[in-house]
Amino acid sequence: METLTIGAFAKACRLSPKALRLYDELELLRPARVDPDTGYRYYAAGQLERARLVAWLRRLGMPLASIREVCELQERDPAAAAAEIRAYWARVEAETAVRRDLAAFLVGHLSAPLREDTAMLELRYAARSDRGRTRPANQDAAYAGRRLLAVADGYGPRGEGASGAAVRALAALDGADVPDGGVLGLLEDAVRDASRAVREAAGGGEAGTTLTAMLWTGSALALAHIGDSRAYVLRDGGLFRITHDHTLVQSLLDEGRLTPQEAESHPQRFLLLKALSGDADPLPDLRLHEARPGDRYLLCSDGLSVTVPDDRVRRLLMEAASPDDAVRALTDAANEAGGPDNVSCVVADVVGRAAI
Ligand code: MG
């Protein structure tokens, strides 16, 4: 067996001797032989491939525990190792997107703390929630006010109580003074209150709700999101989704294990990975979204997003003269398409404040 000294091996795989000693201790990459007298480590040429993989994954920023998993998979099933790397990268991108928004918001906030253009903005809003054509009750809840927009889609025997309790708990923010700096903390606390309210509403039974809410700061919208209700913005004629579904199907899509076509008919396509179900620590997605005059925001339950195709939603939002017209047109469209689920829509326009 051809063996290499640790120095030669380190050079060939571009890992430092110090890193190689660490990986030996962690059992990530054991030397082929350790001289019992000198303690020198020797590596086999055949180990180079694994060492190079470790070096690349380190460069990618992958934690050592995950690297070990990928290396072990790679020996048995390279396709599974590739899927693991894809899944890791999807998580990095999701985390980066949240940090990017926060950074952009802070840059804007600190470079122009007294922007007069945005100081003169406000929301025009409307909300509508409808039972649909087939469900016996409406377990959705929707709210729109001067500062707060929210939709919730309850499930379980007391789902109606759960969604209503969550939205009512958040509605307390509508009258609050919202400082730009502390808005995400404020929203996070409110979601925790909402979770407590859901637990009480469930009365010990199985019930929970999705919750997608936006809180207006005067120049930005702070988003809290958990579940598969959605938020979109219509900007310059394009419809952009702001939220990420917390569903099994979405996570399989992110990891490249499912195509969008397969997702549409997946038997577990409604399975939620996260929802507001009374946990003390509900872990919603929280982010800041910078608003522009002319933006039109849509929050909706899956009774709209599953039933009415995105392009139709975009056109209806474009054509509606006011938020009121928009929520009416969207809920009508869901019902015309069969109304298979409860449907809730909140629409808000960012407009210049009317002169007094
Ligand atoms: Mg629904």
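The values are calculated or read from the model by the stated rules, or taken from the named source; none is laboratory data. Since we're looking at a predicted model, the values are computed, not measured. For neighbour counting, all protein chains shown are included, and Cβ atoms are generated from backbone atoms with ideal geometry for every residue, glycine included. Accessible surface areas use protein heavy atoms only, side chains included; no ligands, DNA or RNA. Shrake-Rupley method; radii C 1.70, N 1.55, O 1.52, S 1.80 Å.
Table for the structure above
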| item | result |
| --- | --- |
| Relative contact order of region 1-91, pairs being alpha-carbon contacts under 8 Å that are 6 or more residues apart, as % | 25 percent |
| Simple spin-label estimate for Thr96 and Met318 in nanometres, 7 Å along Cα-Cβ | 3.2 nm |
| Sequence of Trp216, Trp56 from largest to smallest accessible area, 1.4 Å probe | Trp56, Trp216 |
| Prolate/oblate/rounded label for region 3-73 (Cα gyration tensor, a/c 1.5) | prolate |
| Cα-based Rg and Dmax for region 92-355, where Dmax is the largest Cα-Cα distance (Å) | 17.6, 54 |
| Length added when fully stretched, Ala87-Leu283, from 0.36 nm per residue minus Cα-Cα | 68.5 nm |
| Residue-by-residue Karplus 3J(HN,Hα) for region 259-276, coefficients 6.51, -1.76, 1.60, Hz, glycine and proline x | 8, x, 5, 5, 4, 4, 10, 4, x, 10, 5, 9, 6, 8, 8, 9, 7, 8 |
| Euclidean distance of C-alpha centroids, region 176-239 and region 86-102, integer Å | 20 Å |
| Calculated [θ] (222 nm, deg cm²/dmol) that DSSP helices of n ≥ 4 give over the chain, each run adding -39,500 (n - 2.57) | -13500 deg cm²/dmol |
